[in-house]
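Structure first, then comments.
The values are calculated or read from the model by the stated rules, or taken from the named source; none is laboratory data. All of these numbers come straight from a predicted model, not from anything done at the bench. Here the Cβ positions follow ideal geometry from the backbone for every residue, glycine too, while neighbour counts run over all protein chains shown.
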Amino acid sequence: MNLLRVGEFDADAETDVLVVGAGAAGLTAALSAHAMGVETLLLERDDTPTGSTSLSSGLVPAAGTRFQHALGIDDDGETFFADIIAKNGDQTDAARARRLAEVSAEAVEFLADAADVPFSVVEGFTYPGHSVLRMHGTPQRTGAELMGHLLPATERAAIPLVTSACVVTLAANGAGRILGVEVERPDGGRERIACQALILACGGFGANAGRVRAHIPSMTEALYFGHPGHRGDAVAWGEALGARLADLAGHQGHGSVAHPHGILITWAAMSEGGIQVNHDGIRFADESHGYSEHAAAVLAQPGGEAIAIFDARIAGIARQFEDFRNAEALGAVRVAADAAAIASLFALPEAALSETLAEVDALAVRGGRDAFGRTFSPRQRLTPPYLAVRVTGALFHTQGGLDTDPDARVLGADLRPLPNLFAAGGAARGVSGPHADGYLSGNGLLSAVGLGRIAGLAAGKRA
Ligand SMILES: Cc1cc2nc3c(=O)[nH]c(=O)nc-3n(C[C@H](O)[C@H](O)[C@H](O)COP(=O)(O)OP(=O)(O)OC[C@H]3O[C@@H](n4cnc5c(N)ncnc54)[C@H](O)[C@@H]3O)c2cc1C
């Protein structure tokens, strides 16, 4: 990724707002800027935009939406902000986190209206760290379905989307003002596009093994589960521009990916009462904390894997997710009458596993707390037959990146915003702080949709 320092920029085309990357962040930003009547152009390296957004469950947390109101759920930005801060241990920029929490409802409702996204609130279980039900998803609970609404909406709005257009160079003047970009086509051809404002929505650096090793050593051996386009382009341009980078160690891991099938097993399987054991048939961590920090715990077990165990009640909740239904269809989820059957299916020591399950049952019956600090409840008591899946830990996406002010303007090293550069989604610093355990479920799409909305409006105003 290059940076061209020039006084003037000869371009083949020009636009007011230029958006790099057509995932949830870029599409939300483009729809927002366009709705202000500002000329907007999207550039996407792939021939068909999918991004990590398509790989995700597409669940966007938002507080105080009309969808929540319809269900009688009482929520607001301040409550959401408090949940974000509690999860990251107050290790993020509070002003940005508050702004994102506050804009979340407006952003989700904007997409529902402008892109006809049929959002509904996920019911049945509360994600760890959220004090109320506030995850909004499409009927199938998939990011591909979310993209299936965002992309046609940009088409209806006649926002030009140029695909197979990989941005390789930013051009900036001496004052750090972005003049335009250079795009490389699959045949090696190059084109230059000038702009009044640039929004980087081209993802994080999860697909860049060297950067992961340098910034998130605990995930060096982890399966990367996100989109290959997350090569760290935004971070590289930020370095060249002298922009401020923050929380580069922050990330979303996941401690429950069916192995070797590579399918996400919803964390509801754990938060509703399920457990994980290692090859010795014993538990190794508090599964109720969060799926992100659990990735490293699973990877630290022999073979880097664990067996997730739950029951039919929990599977009933999990089946609202297409991923879980796919995992069942592919035979990743095994049914076992008792501890002996699980032990035989996964080559675990039967005595140790029986003891683990008996201990968990006793804790559930009396609502007890275990040595890891997890509290079990009678409501969540596991009932045979069990369901069990072999899982591993994965890196889903990085949460560190270009630091921005609350208006999504990229900050320089001196904490002053660069003149016309904005960042959203994986390209920008999230609100999870510098550790995996700071990731509150949904922080990824919150940064994409929330910052995308803010960046689109601010860039539109700037242009
Ligand atoms: C399996 C999985 C499940 C997840 N589930 C959730 C969830 O339920 N809720 C949640 O909040 N988050 C979730 N996440 C995280 C979430 O998917 C991401 O945080 C979010 O999609 C990021 O959006 P984005 O627009 O920044 O990136 P993307 O959707 O990846 O879009 C970035 C786009 O930029 C393009 N691009 C990159 N470089 C260039 C370049 N140089 N020129 C042109 N184009 C470029 C890429 O090709 C890509 O299309 C999940 C992630 C994974 C992997």
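For the stretch 232-276, which residues satisfy the criterion of being of a type in the set (S, T, N, Q) and farther than 14 Å from residue 400 by Cβ? 256, 266, 271, 276 - these are the residues of the stretch 232-276 that are of a type in the set (S, T, N, Q) and farther than 14 Å from residue 400 by Cβ.
On inspection, residue 44 does not qualify as acidic (Asp, Glu) and without any contact (Cβ under 8 Å) to a residue 60 or more places away in the chain. Remark: pairs (first residue in the stretch 309-337, of a type in the set (A, V, I, L, M); second residue surrounded by fewer than 20 Cβ atoms within 10 Å (Cβ to Cβ) and outside any loop (DSSP other than H, G, I, E, B); Cβ separation under 7 Å; 6+ apart in sequence or on different chains) = 336/345.
Residue 65 satisfies every condition listed in (1) buried (at least 20 other Cβ atoms within 10 Å of the Cβ); (2) away from the ligand (no atom under 16 Å from the Cβ); (3) over 22 Å from residue 200 (Cα atoms) except (2). Restricting 324, 310, 346 to residues that are on the phi < 0 side of the Ramachandran plot, surrounded by fewer than 21 Cβ atoms within 10 Å (Cβ to Cβ) and of a type in the set (Phe, Trp, Tyr) narrows the list to 346. Go through (1) over 17 Å from residue 69 (Cα atoms); (2) more than 12 Å from the ligand (Cβ to nearest atom) and name the single condition residue 144 misses. Here residue 144 clears every test but (2).
Among all residues of the stretch 1-16, there is at least one that is away from the ligand (no atom under 15 Å from the Cβ), in the same structural domain as residue 169 (by TED's automatic domain parsing), among the hydrophobic types (A, V, I, L, M, F, W, C) and under 20 Å from residue 162 (Cα atoms). Being in a loop (DSSP other than H, G, I, E, B), of a type in the set (S, T, N, Q) and within 11 Å of the ligand (Cβ to nearest atom): is that true of residue 131 here? So residue 131 does not fit the description; no. All conditions in (1) among the aliphatic types (A, V, I, L, M); (2) more than 18 Å from residue 47 (Cα to Cα); (3) modelled with pLDDT of 95 or more hold for residue 159, with the sole exception of (2). Look at (1) within 14 Å of the ligand (Cβ to nearest atom); (2) under 16 Å from the mean Cα position of the chain (by Cα); (3) part of a loop (DSSP other than H, G, I, E, B) and you find that residue 248 fails only one, number (1). Could you list all residues from the stretch 349-367 that are in contact with a helix residue (DSSP H, G or I) (Cβ under 7 Å, 6 or more places away or on another chain) and more than 13 Å from residue 277 (Cα to Cα)? Result: 364, 365, 367.
For every residue, the table says whether it meets (1) in the same structural domain as residue 161 (by TED's automatic domain parsing); (2) at pLDDT below 95; (3) within 30 Å of residue 298 (Cβ to Cβ); (4) within 14 Å of the ligand (Cβ to nearest atom).
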site: 190; (1), (2), (3), (4): yes, no, no, yes
site: 206; (1), (2), (3), (4): yes, no, yes, yes
site: 213; (1), (2), (3), (4): yes, no, yes, no
site: 225; (1), (2), (3), (4): yes, yes, yes, yes
site: 230; (1), (2), (3), (4): yes, no, yes, yes
site: 241; (1), (2), (3), (4): yes, no, no, no
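Mind checking which residues of the stretch 93-114 are surrounded by 20 or more Cβ atoms within 10 Å (Cβ to Cβ) and closer than 16 Å to residue 65 by Cβ? Correct list: 100, 101, 103, 104, 105, 107, 108, 110, 111. Selection of the stretch 22-62 for residues being of a type outside the set (Val, Ile, Thr), assigned to a loop (DSSP other than H, G, I, E, B), more than 6 Å from the ligand (Cβ to nearest atom) and surrounded by fewer than 24 Cβ atoms within 10 Å (Cβ to Cβ) yields 36, 37, 39, 47. Within the stretch 408-456, the residues that satisfy the criterion of being within 9 Å of the ligand (Cβ to nearest atom) and in contact with a Pro (Cβ under 7 Å, 6 or more places away or on another chain) are 441, 442, 446.
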